[in-house]
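Novice: Got a structure here, written out as structure tokens. Questions coming.
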Amino acid sequence: MTQISPGLFVSDLATEEWEPDSEVGGEMHILCSGVGVEAGLSRFSEAVGPITWTIPRRETLMVLEGEARIEIAGGSTLHLKAGDIASLPEGAETTWHLKTPFKEFWVITR
């Protein structure tokens, strides 16, 4: 991630700036944080067991590679593939089943 000027951030899908994601596993690349929104990329290179994640605030995502089946407690199940976009509500208790390699772009509103 590069901050060009205050509040202006730029990155690239081919970035090599990945760090471990301690909350859900895999790796993440943060585009921006602490500016009223958090946005970045997540990737998983190998198959992992189901991932549980409670959405902290509204999360909007676009699948860039792979597939995800997202079970929402007490609600629907989403089947997403590359090119699909979804927006999940704050507080949704989700279970993710990934087909790897998996990569997504996500935005969490603050």
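The values are calculated or read from the model by the stated rules, or taken from the named source; none is laboratory data. Just so you know, these numbers come straight off a predicted model, no measurement behind them. Note: ideal-geometry Cβ built from the backbone for every residue, glycine included; neighbour counts use all protein chains shown.
Novice: Got a number for residues in segment 27-44 being touching a residue at least 40 places away in the same chain (Cβ under 8 Å), within 20 Å of residue 90 (Cβ to Cβ) and part of a strand (DSSP E or B)?
Specialist: 5
Novice: Let me ask you something else. Please enumerate the residues belonging to segment 79-107 that are β-branched (Val, Ile, Thr), within 19 Å of residue 13 (Cβ to Cβ) and under 13 Å from the mean Cα position of the chain (by Cα).
Specialist: Scanning segment 79-107 gives 85, 107.
Novice: Ok, one more. Scan segment 95-110 for residues that are closer than 16 Å to residue 55 by Cα, crowded, with 18+ Cβ neighbours inside 10 Å and among the aliphatic types (A, V, I, L, M) and jot them down.
Specialist: 108
Novice: Mind counting the residues in segment 51-74 that are at negative phi and of a type in the set (Gly, Ala, Ser)?
Specialist: 2
Novice: Listed residues 61, 78, 13, 31; which is exposed (fewer than 11 other Cβ atoms within 10 Å of the Cβ) and out of contact with any His (no Cβ under 7 Å at 6 or more places or on another chain)?
Specialist: 13
Novice: I would also like to ask the following. What number goes with the only condition from (1) surrounded by 16 or more Cβ atoms within 10 Å (Cβ to Cβ); (2) modelled with pLDDT under 95 that residue 7 does not pass?
Specialist: Every condition holds for residue 7 apart from (1).
Novice: Still on this model: Considering each residue of segment 68-86, count those that are of a type in the set (A, V, I, L, M, F, W, C), under 12 Å from residue 102 (Cα atoms) and assigned to a strand (DSSP E or B), and give that number.
Specialist: Going through segment 68-86 one residue at a time, the tally reaches 2.
Novice: Among the residues of segment 1-21, how many are of a type in the set (S, T, N, Q), part of a loop (DSSP other than H, G, I, E, B) and over 20 Å from residue 109 (Cβ atoms)?
Specialist: 1
Novice: Taking the options 39, 47, 92, name whichever one is loosely packed, with under 15 Cβ neighbours inside 10 Å and either hydrophobic (A, V, I, L, M, F, W, C) or in contact with a His (Cβ under 6 Å, 6 or more places away or on another chain) (or both).
Specialist: After ruling out the rest, the residue left standing is 47.
Novice: Of 63, 24, 48, which residue is under 30 Å from residue 3 (Cβ atoms), of a type in the set (A, V, I, L, M, F, W, C) and in a loop (DSSP other than H, G, I, E, B)?
Specialist: Matching residue, one of 63, 24, 48: 24.
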